[in-house]
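Here the structure comes first, spelled out in structure tokens, and everything after it is commentary.
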Amino acid sequence: MLLWVVEIIENRFCWYHCLRETRHKVYCLEERKLPSSLAMDMELDKITNLPGHIIDKILSLLSIRDAVRMSVLSSKWRFKWVTLPFLMFDNQCISISSQDQTLVKNKLVNIVDHVLLLHTGPIHKFRLSHRDFLGGSDIDRWILYLSRTPIREFILEIWKGQHYKLPSCLYNCQSLIHLELFNSLLKPPPTFKGFMSLKSLDLQHIIMAQDAFENLISSCPLLERFTLMNFDGFTHLNIHAPNLQFFDTGGVFYDVNFKNTFLLATVSIGLYVDITNDKNLADGNSSNLLKFFAHLPRIQRLEIQSYFLKYLSAGDVPGKLPVPCIDLTHLSIRVNFSSVEENLTALCLLRSSPNLQELEMLARPEEQTHLETFTNLWKEEEHWNYSFAHLRVVKLTGISGVGPQLDFINFLLAYSPVLEKMTVKPASGDGAWELIKQLLRLRRASVRAEIIYLDP
């Protein structure tokens, strides 16, 4: 039904904008007045008699500029935009194309002020994302206005300039379910007790103090999804969230600690710098790997990116985790195949994932250290007393096809009885034909296993 409505609107909208250009042909319409009027009345009746929730759905998919322009369709649509519960201000809401940032800012400020002034009813969602708009007092004023409404979703993306300092009134929005901030400075007031209804939090390019960060996460008891990218001001990711199910982070940090996260099912972590020699890494008999998995009993999907495997390899690495990850079906690891420690850590994860179905290994090219030792390690049969009973799909990216990498491929093919597809994408085209010949020689435990070679 919605597609049918959109087609009618598009036809009616085009007719409206072409009317001025076709006035000199009015006499043609007059000669066929009855059929044309009848057809137009039928079209208008279809638009006018649409249910209110259908009209709201259509307008919610448009920019605020197009939503206002829709008022020409019929009298029922004329003031519908002033009651929209979803307000989105982005590049599409301004028709001018100018390099003058002052002109763009003034135009956008006038639009937002005008819409909020005339708006009636609740505002459930507010999104501000304009590529040329800088943070400032205007946003403070709008957030103050929104803090007095039952706002459920607030999205603020400042693409240029310094980090925008959020006003304290934002922390009074206790109806928030989804909060998304880009390029912002967060400094909650001492009276802040958390967002009691918040379920989804997305923070990117933010600055925040360590204690404020920990207090924010622990004070959102219903939090289910948390995205944290490129942050500053804190280096320890202490996550205390009993209802958290999704966690995606990437940045520079020293430590990760999960506490009371027994529902966490999807985790993606990228450590953007090598902190191997940092004093904060585990040493002695401690193990970052054991600590990391202590509160992840229901992990289903795990992505280890950049240098995070190197972090996990610090300290003692067991042959298997004390408690296997029985729900883990998808595992993605970026690994330095020349590092004994990293590959033993990856092996521990593989041995601790009895129900693994999809595996992705991405080679991280680094200085070739311990190459001879590691090659021998792969060939020691006592390390491979294991079978991947459920592994069906394997993706290998950035490999060179020599030494431990080829031995690893051989191991997967030999101990994956139900493997269906292995995709191999080398780091470069050098030696491609030789790699293909070596892959074809490898023995496969699965008669259905297909090896697909992709050009780099």
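The values are calculated or read from the model by the stated rules, or taken from the named source; none is laboratory data. Please read all numbers here as calculations on a predicted model, not as lab measurements. Reconstructed Cβ throughout: ideal geometry from the backbone, glycine too, with neighbour counts over all protein chains shown. Accessible surface is based on the protein model in full, side chains and every heavy atom, while ligands, DNA and RNA are left aside. Shrake-Rupley method; radii C 1.70, N 1.55, O 1.52, S 1.80 Å.
Examine region 129-152 for a residue that is open to solvent by 50 Å² or more (accessible area, probe 1.4 Å) and touching a Lys or Arg at 6+ places or on another chain (Cβ under 7 Å), and state whether such a residue exists.
For region 129-152, residues open to solvent by 50 Å² or more (accessible area, probe 1.4 Å) and touching a Lys or Arg at 6+ places or on another chain (Cβ under 7 Å): present.
Taken over region 423-447, the criterion of being open to solvent by 30 Å² or more (accessible area, probe 1.4 Å), in a loop (DSSP other than H, G, I, E, B) and polar (S, T, N, Q) is satisfied by SER428 alone. Applying the criterion of being closer than 13 Å to ASP138 by Cβ and polar (S, T, N, Q) to the residues of region 103-127, the residue that is modelled with the highest pLDDT is ASN110. Can you pull out every residue in region 291-344 that is aromatic (Phe, Trp, Tyr) and closer than 29 Å to GLY401 by Cα? Correct list: TYR307, PHE308, TYR311, PHE337.
Which residues, taken from region 214-254, are part of a loop (DSSP other than H, G, I, E, B) and buried (at least 21 other Cβ atoms within 10 Å of the Cβ)?
Listed by number, the residues that qualify are CYS220, LEU223, ALA241, LEU244, PHE253.
When the residues of region 386-403 are filtered to those that are in a loop (DSSP other than H, G, I, E, B) and among the polar types (S, T, N, Q), the one that is surrounded by the fewest Cβ atoms within 10 Å (Cβ to Cβ) is SER387. Residues in region 315-331 that are of a type outside the set (Asp, Glu) and open to solvent by 10 Å² or more (accessible area, probe 1.4 Å): GLY315, VAL317, PRO318, GLY319, LYS320, LEU321, PRO322, VAL323, PRO324, ILE326, THR329, HIS330.
Note on region 102-118: residues that are surrounded by 14 or more Cβ atoms within 10 Å (Cβ to Cβ) and within 20 Å of TRP159 (Cα to Cα) total 7. Residues that are more than 24 Å from PHE234 (Cβ to Cβ), among the β-branched types (Val, Ile, Thr) and under 25 Å from the mean Cα position of the chain (by Cα) within region 143-191 comprise ILE151, ILE177, listed in sequence order. GLN438 meets the conditions (1) modelled with pLDDT of 85 or more; (2) under 34 Å from the mean Cα position of the chain (by Cα); (3) more than 24 Å from PRO354 (Cβ to Cβ) in every case but one. The failed one is (2). Among the residues of region 166-198, just one is closer than 20 Å to ASP132 by Cβ and either open to solvent by 60 Å² or more (accessible area, probe 1.4 Å) or hydroxyl-bearing (Ser, Thr, Tyr) (or both), namely SER184. Only a single criterion out of (1) part of a strand (DSSP E or B); (2) free of Cβ contacts under 8 Å to residues at least 40 places away in the same chain; (3) open to solvent by 50 Å² or more (accessible area, probe 1.4 Å) is not satisfied by LEU201, namely (3). Taken over region 404-422, the residue count meeting the criterion of being open to solvent by less than 30 Å² (accessible area, probe 1.4 Å) and in a loop (DSSP other than H, G, I, E, B) is 2. Has region 255-269 got at least one residue that is charged (D, E, K, R), more than 30 Å from LYS320 (Cβ to Cβ) and open to solvent by 50 Å² or more (accessible area, probe 1.4 Å)? For region 255-269, residues charged (D, E, K, R), more than 30 Å from LYS320 (Cβ to Cβ) and open to solvent by 50 Å² or more (accessible area, probe 1.4 Å): absent.
Residue-by-condition table, conditions (1) at pLDDT 95 or above; (2) open to solvent by 20 Å² or more (accessible area, probe 1.4 Å); (3) among the hydrophobic types (A, V, I, L, M, F, W, C); (4) not in a loop (DSSP other than H, G, I, E, B):
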position	(1), (2), (3), (4)
LEU356	yes, no, yes, no
THR369	no, yes, no, no
GLU372	no, yes, no, yes
THR375	no, yes, no, yes
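I'd like to know if region 66-86 contains one or more residues that are modelled with pLDDT of 70 or more, part of a loop (DSSP other than H, G, I, E, B), open to solvent by less than 70 Å² (accessible area, probe 1.4 Å) and within 26 Å of ILE158 (Cβ to Cβ). Within region 66-86, one or more residues are modelled with pLDDT of 70 or more, part of a loop (DSSP other than H, G, I, E, B), open to solvent by less than 70 Å² (accessible area, probe 1.4 Å) and within 26 Å of ILE158 (Cβ to Cβ).
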